1. Test of understanding: what is the full-extension gain from B:Ile104 to B:Arg13, defined as 0.36 nm times their sequence separation minus their Cα-Cα distance?
2. What's the angle, to the nearest 10 degrees (0 to 90), between helix B:78-89's Cα axis and the longest principal axis of chain B?
3. Just order B:57-66, A:54-63 by mean Cβ neighbour count inside 10 Å, highest at the front, would you?
4. What's the angle, to the nearest 10 degrees (0 to 90), between helix B:147-189's Cα axis and the longest principal axis of chain B?
5. Taking every pair of alpha-carbon atoms in chain A, give the share separated by more than 20 Å as a whole percent.
6. Just rank B:His173, B:His51, B:His35, B:His83, fewest to most, by other beta-carbon atoms within 10 angstrom.
7. For peptide B:31-41, how many partner chain Cβ atoms fall within 10 Å of a residue's Cβ, on average?
8. So what's the angle, to the nearest 10 degrees on a 0 to 90 scale, between helix A:43-52 and the longest Cα principal axis of chain A?
Amino acid sequence: MNIQFKKGVLEICVLSVLAQKECYGYELVGEISKRIDISEGTIYPLLRRLKDEGLVTTYLQESGGGPPRKYYRLTASGQEKERELRDEWMQFATSVNAILAEVKNGTD
Amino acid sequence: MAQTEQDYLGVLRSGLDGKMPKEEIDDILSDYVEHFRIGKAEGRTEEELYHALGAPEDVTREIKATYMVSRAEQTRSCSNIWHAIMATLGLGLFNLVFVLVPFIILAVLVAVVFVVGCLFAVLGPVSFIIALLQILGIPFISFWLWPVAGVFFAIGITSLGLLLVISDMYLAHFFYHLGIRYLKWNIRVIKGTEASI
């Protein structure tokens with residue numbers, strides 16, 4: 001996929017994963033990178049920005065005996081933003097798909 | 001080149017050192033320390049993890065840009081907005097055209113309006129004095145055909161000059177605000193190098 005395009009979409013992906021479950025950073029990175037080829041390191045600056053914007057909060061939680069992990073959770077405004085971006089994306093994707101389908105039918 | 005956890009963290013630290021408070025750098029690094037720790041616990045090597053994370057330079061560029069822009073937003077100053085713009089240029093060559101050029105155009109516009117405003121404001125008193133001398137009949141000056149018009153012109157041009165300078169301040173504030181919003185959007189959308197997103 002076009003690299004320029006992916007960065008903007010990453011935000012929706014992160015919010016959407018967090019809407020399904022609260023994750024620690026490594027887990028979240030894994031959820032996304034198993035489907036999209038990304039530089040995993042860029043997720044953390046994105047998470048910081050989402051935190052600064054008040055869309056996510058963090059908390060520390062012990063897990064599996066090791067040191068505590070930093071978990072990420074959507075705030076109320078994060079949930080709202082997630083729904084908003086999801087709707088926009090869905091509409092956009094539907095329109096693009098419709099155009100692509102038409103063009104394809106036209107050339108057949 | 002070795003690609004260990006220490007190398008990765010080293011690049012981040014040296015890239016951010018002096019650019020932002022130490023506690024903040026430590027906090028940023030702690031995310032990556034945790035990432036390596038969990039990854040290694042799951043049996044991945046440091047090199048694998050390094051490779052999957054991508055170039056640490058891209059991360060530092062993005063963090064710096066975000067930090068500088070939010071600082072410029074909190075404390076308005078020419079120096080802060082300049083640093084924010086410079087940091088954003090690091091995100092891609094693309095930004096030379098889409099950040100630096102518009103910034104220079106707007107900055108020149110603001111400066112020109114300011115200079116013209118000041119000139120007008122100064123021109124007023126000068127013209128006033130000349131007109132006054134002429135009215136008083138000092139013989140060697142005959143700048144104004146009708147000296148009284150010169151007095152009105154003086155008042156008019158000074159008012160216009162002051163108005164320009166005041167409007168220019170509002171204009172500068174407006175551009176600043178707009179610029180910050182644009183830079184934030186830019187960071188969200190513009191990729192780093194080709195290798196990363």
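Laboratory data are not the source of any read-out in this text; all were calculated from the coordinates shown. Source: prediction; values computed, not measured. With ideal geometry, Cβ positions are generated from the backbone for all residues, glycine too; neighbour counts draw on all protein chains shown.
1. That pair, B:Ile104 and B:Arg13, stretches by 29.6 nm at full extension.
2. Long axis of B:78-89 versus the principal axis of chain B: about 40 degrees.
3. B:57-66, A:54-63
4. 10 degrees
5. 48 percent
6. B:His173, B:His51, B:His83, B:His35
7. 5
8. Taking Cα atoms only, the helix is inclined about 80 degrees.
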